[in-house]
Amino acid sequence: MAREPLFQGGQLKIGAEVQAFQGRLGHVFSQPDLLIRALTHSSISSQTRPDNQRLEFLGDRVLGLVVSEALFRADTDASEGKMAPRFNALVRKETCAEVADEIELGVVLKLGRSEMLSGGRRKHALLADALEAVIAAVYLDAGFEAARKVVLKLWDTRINSVADDARDAKTALQEWAQARGQTPPAYVETSRSGPDHAPIFAIEVRLASGESAQGKAATKRRAEQIAAGEMLGKLEAN
C-alpha cells in the first residue's frame, strides 16, 4: 500500500519543544513528519502542509482497539454490559483532552494565528483530536505494538481505576428518567460569561417531574455532565 505524501523538501528537522514532547509521549519518531502532521491543525494547513484530520480518524480506531483489549484482559468476568460504559468513559473526548493536558500537547500544537488568539492550545476538542492523531502517527511510524505501548502508558492509571459502573452522568440520568416513564432530561444554556476565547457556560438540566440542577464549565458538554451529576446527587439524597 502506497504511503500518503506528507511533507516535501528532504529531511525534516524538529524543534526542541517537539523533541521534548516525544519524551513525554514515550515514543521517538523515525519519521518525524508524521508527528508534525499529527500536530497540525486545519487553521494552518496548506497543500504542502496537511492537517491532522485523517490521522485523527485512524487514531480514534487504534485507541479504541487498545482500550477494548485492555479492558477485556483486565476483567475476565466482566460482561459486555459492564465493559461498554467503561470503554466509553476511557475514550470520550473529555478523557482524551485530560490526557493531552497531562503531556502538555497544547504547547506543540501547530495553529493558525486566529486559532492561537482564541485560545486554541487550551480547547478540549482540539487537544482530544490532536492526541488521537498522534496515536495514529505512532501506529504509522512503528506499528501497532508501539501505539499500544504509548496508549497503555498514558491511560494506565485510568484503565486500572475505571469504575465498575462507568456510565457518564447524562446517560445515568436519562436511564433514571426512562425507568420512571419520564421524557428525557432537557438541557438549557442559561448564561455564558468570560471572554470569547475562554467562555464559561452555565447549563440547567430539567426533569419532567419539575426538578432542576445547574452546572458550569468551559464547554457545553462538560457543563451538561456536571449538571447531570448534580441532579443525580439530589435524587440520591431524596
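The values are calculated or read from the model by the stated rules, or taken from the named source; none is laboratory data. Because the structure is predicted, anything quoted here is derived from the model rather than measured. Virtual Cβ from ideal backbone geometry, glycine too; neighbours counted across all protein chains shown.
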Only residues that are loosely packed, with under 15 Cβ neighbours inside 10 Å and among the aliphatic types (A, V, I, L, M): list them for the range 75-111, please.
Ala78, Val107
The range 209-238, residues that are touching a helix residue (DSSP H, G or I) at 6+ places or on another chain (Cβ under 7 Å), surrounded by fewer than 18 Cβ atoms within 10 Å (Cβ to Cβ) and at pLDDT 90 or above
Glu211, Gln214, Lys216
Take the residues in the range 114-145 that are surrounded by fewer than 16 Cβ atoms within 10 Å (Cβ to Cβ) and among the hydrophobic types (A, V, I, L, M, F, W, C), then tell me which one is farthest from Arg222 (Cα to Cα).
Phe144
Kindly provide the set of residues from the range 13-58 that are closer than 19 Å to Ala100 by Cα, charged (D, E, K, R) and assigned to a helix (DSSP H, G or I), ordered by number.
Glu17, Arg24, Arg37, Arg54, Glu56
Search result, residues across the range 69-87 that are in a loop (DSSP other than H, G, I, E, B) and in contact with a Gly (Cβ under 9 Å, 6 or more places away or on another chain):
none
